[in-house]
Amino acid sequence: MTLAIPLQEGVTPEVSSGPLAIGVVLAYFAVVIGIGAYFYRKSRKSTSDFWIAGGQIPLWVQVFAVLSVTASAGSFFGYGGFAYAFGAAFGELVLVAVAAGGLFMMIFIAAPIRRSGVYTVPDYLKRRYQSDTVRLVAAVIFTIASWAYLIPQLTAGGITIDFVLPQLSYQAGVMAAALVFALYVSLGGMWAVTWTDFFQGIIMFLLTLVPVPIVWAQLGVTGTLNQAMAADPGFGSTKAPGLMHLGLGLVWILAFLALPQMGQRVLASDSDRTARRSFMYMNVLYIFSFTLSIFWVAGAAKVLEPNLANADYFYYAVLSSYFGPVMQGLGAAGLLSAVMSTTDALLVALSASVSHDIPKSLNVDLSERQETLLGVGVMWTGVIVAAVVAFNPPAIIGLMTTLVAGGAASGLFPALAVGTWWKRGNSYGAIASMIVGFLTYGILLFGDIMAVPYTEALVAVPLGLIVYIVVSLGTRRPTGDELAGFQEFHSHQSFVESQTETDD
């Protein structure tokens, strides 16, 4: 990739005093593993408990759990990394696109998926189209996307541990993060994921904001931006090609509706009302905290360390300059929270696709115990293989997450988002659009065909949408079973909304 930034070449910030910061991070690891152990028995009661926490998570927990899944390493590292590398306007563009995706999720998708009462999004598509083939194709795309999205998350984990314990090496940090993440998720399933995400969401929100008043006190509110632009005249604008803005904007608006971790989070809600409102409240917190990070934390990093080897180290450049070892350790824990909160949900989505959706699509009947055991094995295998790939990451974190998100949007957006509301869509259109959209994206990406990087979705998404409409209209009308699957997610909408108004 032409815009990839090499890791560990040049200035890399380190902590001023290791043991205290290391102790904070180790204590954090112990807490999340303890949460996984605590929920071990509860997660083994049923596959519903393991995959979606029994669909029992209330709003006050879901808001911060959704925030933590949304504010992954791609946000905590990615936005500031984008701002540092390509300009603050570019980072803000991607932030607004993700927030728009959260808004669309709240309005169009969250409630129908939650009403379906299933364990996974491929299962939801099976019920919508009454087709095991639809579920199988969706599960394969989910498996690939979930695994690939693990790579930037583990890259962020390696960067964090490398910062706190530089003598260990980046690669050792990646593997340590992978083992801890897999351990607590395989122990506690979605129950452990939910409660760790809840606490991690709070930690991330606070630690995103912690450097801001210090930066203002040291450099000034306007002084930070002025000095950042003096160090780099392009900081206040964008250095990325114009078409790249459109490509990344489209990807993040649409991909939010198709990313595996988002679907699993929705399905864990205790009602469709909770599913919708959790995204609404999350968006407010998300926009507020990361706008400050993009302009002032990344701006301060540009002033303090204008020649970072990797833009993803921007937050650590500020920590190492203004904070002592305890705060540096807390900052590292916050960044590990960003990594964990998406990695854990991805591990659940990955294992559910392989051990639940694919066997059922192929008429392989597994007991609940067999399904859970297979899911745990998939988690460990997937995270270790992803860790090995993350030893030599292909780009900065924000760009890696965008690449995977583009593939998910290209493959799943028409069948999932459009199909939820377009009654005429049928299983033939869904299958064709998923295959054509996903393969087109892959060919354009790995063939390095597009003149401007990260614009593959500008071709793949519209093509998948056209295929979905044309094939659906050119083949038989939806069957009675398919229409029943469609109506199932909408028929009680008025009643639910009236009950919501009464509750309010």
*Residue check, Ser169 against (1) at pLDDT below 90; (2) of a type in the set (S, T, N, Q); (3) within 19 Å of the chain's Cα centre (by Cα), all met but one. Which one?*
(3)
*Could you tell me whether Val354 is within 20 Å of the chain's Cα centre (by Cα), modelled with pLDDT of 90 or more and more than 14 Å from Pro211 (Cα to Cα)?*
yes
*Looking at (1) at pLDDT 90 or above; (2) part of a helix (DSSP H, G or I), can you tell me which one Gly263 breaks?*
(1)
*asked:* For region 316-331, check the following and say yes or no: at least one residue is under 24 Å from Thr238 (Cα atoms), in contact with a Phe, Trp or Tyr (Cβ under 8 Å, 6 or more places away or on another chain) and in contact (Cβ under 8 Å) with a residue 40 or more places away in the chain.
replied: yes
*Of all residues in region 469-488 being closer than 17 Å to Pro414 by Cβ and assigned to a loop (DSSP other than H, G, I, E, B), which is modelled with the highest pLDDT?*
Thr475
*Enumeration of residues in region 30-63 that are assigned to a loop (DSSP other than H, G, I, E, B) and closer than 12 Å to Thr196 by Cβ*: Phe39
*Which ranges mark the helices (runs of 4 or more DSSP H) fully within region 64-140 that have 1 or more residues being polar (S, T, N, Q) and modelled with pLDDT under 90?*
73-76
*Candidate set from region 357-373 (those that are under 12 Å from Trp51 (Cβ atoms) and either of a type in the set (Val, Ile, Thr) or at pLDDT 90 or above (or both)); member that is surrounded by the fewest Cβ atoms within 10 Å (Cβ to Cβ)*: Glu371
*Assess whether Thr194 counts as being closer than 19 Å to Ser337 by Cβ, in contact with a Ser or Thr (Cβ under 7 Å, 6 or more places away or on another chain), in contact (Cβ under 8 Å) with a residue 12 or more places away in the chain and of a type outside the set (D, E, K, R).*
no
*If you take just the helices (runs of 4 or more DSSP H) that sit entirely in region 299-401, which of them hold at least 2 residues that are touching an Asp or Glu at 6+ places or on another chain (Cβ under 8 Å), of a type outside the set (Val, Ile, Thr) and within 26 Å of Asp132 (Cα to Cα)?*
358-361
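Residues are listed down the side, and each one gets a yes or a no for (1) closer than 19 Å to Gln328 by Cβ; (2) in contact with a Phe, Trp or Tyr (Cβ under 6 Å, 6 or more places away or on another chain):
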site	(1), (2)
Ala145	no, no
Pro166	yes, no
Gly173	yes, no
Ala176	yes, no
Ala182	no, yes
Ser186	no, no
Thr238	no, yes
*What do you reckon, is Val404 in a helix (DSSP H, G or I), within 30 Å of Ile469 (Cβ to Cβ), among the β-branched types (Val, Ile, Thr) and within 16 Å of the chain's Cα centre (by Cα)?*
yes
*Any residue at all in region 426-446 that is part of a loop (DSSP other than H, G, I, E, B), modelled with pLDDT under 95 and under 30 Å from Ala111 (Cα atoms)?*
yes
*asked:* Among the residues of region 205-223, are any among the polar types (S, T, N, Q) and touching an Asp or Glu at 6+ places or on another chain (Cβ under 9 Å)?
replied: no
*Is one or more of the residues making up region 133-144 touching a residue at least 12 places away in the same chain (Cβ under 8 Å) and of a type in the set (Gly, Ala, Ser)?*
yes
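Let's see how each residue does on (1) touching a residue at least 12 places away in the same chain (Cβ under 8 Å); (2) over 15 Å from the mean Cα position of the chain (by Cα); (3) under 19 Å from Leu95 (Cα atoms):
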position	(1), (2), (3)
Pro241	yes, yes, yes
Gly249	yes, yes, yes
Trp252	yes, no, yes
Phe256	yes, no, yes
Gln261	yes, no, yes
Asp270	yes, yes, no
Arg276	yes, yes, no
*Of the conditions (1) surrounded by fewer than 24 Cβ atoms within 10 Å (Cβ to Cβ); (2) more than 23 Å from Thr342 (Cβ to Cβ), Ala417 clears all except one; give me its number.*
(2)
_Out of everything in region 152-190 that is part of a loop (DSSP other than H, G, I, E, B) and among the hydrophobic types (A, V, I, L, M, F, W, C), what residue ends up being nearest to Tyr316 (Cα to Cα)?_
Leu165
*Got a number for residues in region 448-490 being out of contact with any Pro (no Cβ under 6 Å at 6 or more places or on another chain), of a type in the set (A, V, I, L, M, F, W, C) and under 20 Å from Leu248 (Cα atoms)?*
9
*Check region 206-220 and report whether any residue there is assigned to a helix (DSSP H, G or I), more than 26 Å from the chain's Cα centre (by Cα) and among the β-branched types (Val, Ile, Thr).*
yes
*Within region 407-438, which residues are touching a Phe, Trp or Tyr at 6+ places or on another chain (Cβ under 6 Å) and over 19 Å from Gln130 (Cβ atoms)?*
Gly407, Ser410, Gly411
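The values are calculated or read from the model by the stated rules, or taken from the named source; none is laboratory data. Keep in mind it's a predicted model, so treat the numbers as computed, not measured. Note that we place each Cβ from the backbone using ideal geometry, even for glycine, and neighbour counts take in every protein chain shown.
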